[in-house]
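A quick write-up on the structure given underneath.
Nothing in this text is a laboratory measurement; each read-out follows from the coordinates by a stated rule. Please read all numbers here as calculations on a predicted model, not as lab measurements. So basically every Cβ, Gly included, is an ideal-geometry build from the backbone, and we count neighbours across all protein chains shown.
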Amino acid sequence: MVVNPRFKQVFVLSTAMLSFISFWKAASIVLCDFGSSAYYAGGIAMNAFGPAFPWFIMGVMLFSGLMLGVYTESCLLFVRGGVYVVVREAMGKVMAKLSVSALIFDYTLTGPISSVTAGLYLGGLLENVLPLMHINWHVPARAFAVVFALLVTGYFWRENIRGVEESADNNLKIISFVTLVAVVLIGWAGLTLYHRGFTLPPFHPVFTDKALGWTVHFPWLKAVGALGIIMAFGHSILALSGLETLAQVYREIEDPKFENLKKAVITIFVFSVLFTGLLTFMSSLIIPPDLVAGKYADNLLSGLALELDGPYWARLGLQTMVVISGALMLVGAVNTSFVGSNGVLNRVADDGILHDWFRHLHKKYGTTYRIINLVAITQILIILISRGDIFLLGEAYSFGVLWSLTFDTLSMIILRFKKRDEEQEWRFPFNVKSGGVYLPIGLVAVLLVLLAATGMNMLTKKVATIGGVLFTVTFFTIFHISEKMNEKKAQLYMPDEDADEKMNLRSESDIAKVVPELTGTRRILVPVRNPNNLVHLAAVLETVDDETTDIIVLSAKIAKGIQSGAETMSDEDREVFSAVVLLAEKYGKTVKPIFVFSNDPFFSMAQVAQAAGADEIVMGVSGSTGAEVQLERLAMAWGMLKKPGEPGKPVLARVVWEGRQMTFQLS
C-alpha cells in the first residue's frame, strides 16, 4: 500500500489452511478412515486363523490406545507432523524417504480396500433385495465390487482434480449416522445374545496354509504359543489403518489445541473399541463360524444384521441401514486416501525430495493434478489386480500400516534423546528420569510389539512382503532421483513463475475488496516483517477470542518507483508468510494474511487499519528505531490519512516485545 491513492493492489494468502475445527470434527475425520476397518478386518482375520479372530481384533483396538498416545506426543512436538517429519527429525532424510514410501503404500491401498468392501456390502444387499422385487438377477459379488470400486475411484479422482477437499462437516454427519446405526446394532445384538445365550470363542488361533506364508517351509517355526499370538496379532493389525490421519488433522484443531487433541483421541479410542472391537466380537457370538468364513466373509456386519432375532423384514431393514452407513464411511475413506496421499507427497515436495514436475498445477483448478493422477492410476491397477479379493487386499494393506507405525514409534524414542532439553506438554506414559532424560520405557515396549508383528508379517504375508517391498523401493527411488534433480536445479536456479500460485495468493485491486471477508465484531491488525520476530503475533494469538475477532496479518514490502502489476514476492517474503501460518496453526487461531507493496510501511498500516475498521494495531519492536519512534511515525501517518472533520473511532496502538509493551491511543 503506498501513499499514491491510484496504487492499491493487495495480495491475500488463502486462509483455507487456517480454518480450525472442533475436536468432534477432527475425531470424525480420523474415524472415517480408522473406523472403516470394522467392515472388513473381522472377515480377513477369520480366514487367516479361524474362530479366535474376535479376541485379536479387540486386542488390536485396545492397542490402538497406545498408538494414539504415540501420535499424541508426536503431534505436540510437530504441529505439521506425521511419519515423514518425525522420522526426518530423528533419523535423517534417507530413513524419512523410506518411511514415507511405506506410508504412501498404506494411503494408496486405503482406496481400493475401502471401495471394494463397499461394493461387496452393496452386492450382498442387492442379493437379498432384488428377489423381493421379483428381479431374477444374480449379482456376482466380486465383479460388482470391482466395477463399483472403479466408479468410486474415478469419481473421487475427478473431485480431487477439481479441488473439492474433505469436509469436516460431512465427516461429522457420516460418523453421527454410523454411530446411530451402531447403537441399534449393538442393542439388538445384545438382546439376541440374552435370549439365545452364547459361548465365548476359542482363544487358540488355527492358521490356514495361506496365512502361514513362508513359515510352512520352516517346520521348527510352529504357529503356537507366543509365536502363534504374534502371528494372529499381525494378521489383525490392518484394523489400525488410518491413525496417520490424526497427525495430518492436528494442525487444524482449534484452540486450546492440546486439550482438544486429548478429547479427540479419547473419542477415537472409545468409538473404535465399541464399534470395531465390540461389534466384531458380537458377530462371532451370533453368526456361525462357517458363515463368518464363507457367506459373510466379505460383509461381516451386514451378516450380523441378518442373523439377529426378529422378523425378516426388520432384519433386512437393519441390513440396509448397515450397508448405507458402511458405504458412506468406506467411500469417505476413498476420498481420504486421495487427500492424504496428495498432502503427504506435497509435504515431501516442499522438502525437495519430489520433483516439481509432480507438483505442476492444473491450469483451470490449480490442483497438483499429476500427483492425483498417479494415485488414481495406482489404485485402479490394484483394484484390477486384486479382482475384488478382500483377503488379498488386506494382506497387502497391513504392510504399510505396520511399517509406518514402527517408523513413527522408533523415531519418537530417538527424539526423546535428541530433544531432551525441549519442554513438552505431555509424554507417553511409563518413563524413568535419568540424567535429565526421560527414558521411554513405555515407548520401547510398544516398539517391541510392533517389531515382533512386523517381523512375523514379513514371514507370513507373501503378497504383502513382495508387493510392499516393490512399492516402497519404487517410491524411494523416485524420491532419491527427484532429490538429486532438485539439487542440480538449485545450482542452475531459475525463477519459478508459478510461485505466487503455489503460495495460494490472490490479487485484489483494493483493500476494500478484502474487507467484506472480515466477519468478526473486533478487528486487530498485526504488521509483520521478520519471521524470527513474531512475539507480538504470538501475544495476540494467545489471548484473542477467535470466534469474535478477525486477526489481519499485514506484511508490507518497501519498493520505490514500483508500477502496478510488476511486483513479485521474494523468498524472504514467503518465509514471513510461512512463519505466520505455522504460528497460527500452533495456536489454532484463524488469521487473514495480506501482502502489499509500499513506499512507507506506516502508511500501509494506517491505511489498511482505517479501511478495515481495526480496533487495535499490534506491532513488534524494531531494533533500529525503537518503540517510541514507531508509535510516533504511525500517529503521523494516521493523521495524514484521516479525512478532515471526519469523526474517527479510537484505535489502540501497541508495540510488544519480550515482557514489555508501549501503547498509544489513535483517534
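Structure above, values below:
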{"read-out": "Highest average packing first - 193-201, 25-33, Cβ atoms within 10 Å", "value": "25-33, 193-201"}
{"read-out": "Inter-probe distance in nm under a simple model that places probes 7 Å from Cα toward Cβ, at LYS364 and VAL270", "value": "4.6 nm"}
{"read-out": "Crossing angle, helix 168-196 versus the chain [Cα axis fit, 0-90 degrees, rounded to tens]", "value": "30 degrees"}
{"read-out": "With Cα atoms, 0 to 90° folded angle of helix 23-34 axis to the chain main axis", "value": "40 degrees"}
{"read-out": "Qualifying lysines (Cα of each under 19 Å from Cα of LYS418; at least 8 residues distant if same chain)", "value": "LYS93, LYS433"}
{"read-out": "Trypsin sites (Lys or Arg not before Pro) within the stretch 351-396, DSSP loop, no more than 16 other Cβ atoms inside 10 Å", "value": "LYS363, LYS364, ARG387"}
{"read-out": "Segment ALA314-LEU451, extension gain: residue separation times 0.36 nm, minus the distance between their alpha carbons", "value": "44.7 nm"}
{"read-out": "Taking the C-alpha atoms of the stretch 57-193, convex hull volume expressed per residue in Å³", "value": "198 Å³"}
{"read-out": "Among beta bridges that DSSP assigns inside the chain, antiparallel share in %, nearest 5", "value": "45 percent"}
{"read-out": "For the stretch 571-598 versus the stretch 37-84, the gap between their alpha-carbon centres in whole angstrom", "value": "36 Å"}
{"read-out": "Prolate/oblate/rounded call for the stretch 210-340, Cα gyration tensor, a/c under 1.5 rounded", "value": "oblate"}
{"read-out": "Using alpha-carbon coordinates, inclination of helix 369-386 to the longest axis of the chain, degrees", "value": "0 degrees"}
{"read-out": "Rounded to whole Å, sorted largest first: equivalent-ellipsoid semi-axes of the stretch 174-241, Cα gyration tensor", "value": "35, 18, 8"}
{"read-out": "Radius ratio Rg over Rh of the stretch 236-288, counting only Cα atoms, Kirkwood formula for Rh", "value": "1.13"}
{"read-out": "For TYR84, TYR155, TYR369, order by how many other beta-carbon atoms lie within 10 Å, fewest first", "value": "TYR155, TYR369, TYR84"}
{"read-out": "Computed E for LEU62/ILE481 - FRET, C-beta separation, R0 35 angstrom, nearest 0.05", "value": "0.25"}
{"read-out": "Whichever lysines have a C-alpha closer than 28 Å to that of LYS295, once near sequence neighbours (fewer than 8 apart) are set aside", "value": "LYS210, LYS461, LYS462"}
{"read-out": "The chain: equivalent-ellipsoid semi-axes (sqrt of 5 x gyration tensor eigenvalues, Cα, Å)", "value": "51, 27, 24"}
{"read-out": "The stretch 337-376 versus the stretch 289-320: alpha-carbon centroid distance in Å", "value": "41 Å"}
{"read-out": "Average Cα contact separation per residue, the chain, under 8 Å, 6 or more apart, as relative contact order %", "value": "25 percent"}
{"read-out": "Using alpha carbons only: equivalent-ellipsoid semi-axes of the stretch 510-666, gyration tensor based, whole Å", "value": "21, 20, 17"}
{"read-out": "Beta bridges per DSSP with both ends in the stretch 510-666, % antiparallel, nearest 5", "value": "25 percent"}
{"read-out": "Per-residue [θ]222 nm for the chain (sum of -39500 (n - 2.57) over DSSP H runs n ≥ 4, rounded to 500)", "value": "-19500 deg cm²/dmol"}
{"read-out": "Filter on LYS262/LYS364; LYS364/LYS592; LYS97/LYS363 - keep pairs with C-alpha separation over 32 Å", "value": "LYS262/LYS364"}
{"read-out": "Rounded Å value of the spacing that divides the Cα centres of the stretch 624-641 and the stretch 171-203", "value": "67 Å"}
